[in-house]
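Taking it in order: structure first as structure tokens, then the write-up.
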Amino acid sequence: MDAKTFIQTLTIYNKALGQLGYFNLNPAQQQVLPILENEQRVVIVKARQLGISTLVRAWHFYKAFYAKEPHTYAVISHTRDSAEHLAGLDTRFYDNLPPPLQRPLSAQTKRSIVFGDSGASVRCYTAGGRGGTRSFAVHAAHLSEFAFGVDQAELLAQVLASAGRGQVVIESTVNQVGDTFHKIVTDSLRGENDWKVIFLPWWIEPTYRIDK
């Protein structure tokens, strides 16, 4: 099953309706997904409330679901509450899988899901937490709201070392001129690094616009 079809079988909380429903990709998410499928170093400069963190979690869940090897797909966020919220998205994806897709797990905690047959997992971590990403290798990493981390440069160095040639996705709203997030973006725009930059302004979301 391709990524888009699989993701649209997942369940998310629809804030507008106040209830759970299928993951119908909005315009911003539709723009980002093909880039996740084709790029190894992705940095997403986003407006708030576009569902990009949720999309990247769904992408990692898809990759872990179909992995044949015990690959780890890690998400790192700047606060414990944020990390646990992102882990909760993974849990909701699993708990509400359509019956034909349900598979047993070998382990499940508040911060991790491990598929029983392949050993592939999705896991969440807090930036600056004990051990960080130093003690293990990951197949792919998702850095959420990266611009709000305390030591962005150190965190990125750890993640790149852990992921090796695996995919690394950074997504964040902007925070401060001159920080590591800003430097990655500006260097990419000058062709000085290999990061693929995506800019998602607030007006990409139709419900944020008023027709006059």
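The values are calculated or read from the model by the stated rules, or taken from the named source; none is laboratory data. Treat the numbers as computed from the prediction; the structure is a model and nothing was measured. In case anyone asks, the SASA skips ligands and DNA or RNA and just uses the protein heavy atoms, side chains included. Shrake-Rupley method; radii C 1.70, N 1.55, O 1.52, S 1.80 Å.
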Roughly how many Å² is the accessible area per residue of segment 6-52, as a whole number, for a 1.4 Å probe?
51 Å²
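Carbon and sulfur atoms: what percent of the 1.4 Å accessible area of segment 58-123 do they account for?
Summing carbon and sulfur atoms, their accessible area is 51 percent of the total for segment 58-123.
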Quick check: Cα centre of segment 1-49 to Cα centre of segment 133-195, how many Å?
20 Å
Candidate residues His71, His85: accessible-area rank, largest first, probe 1.4 Å:
His85, His71
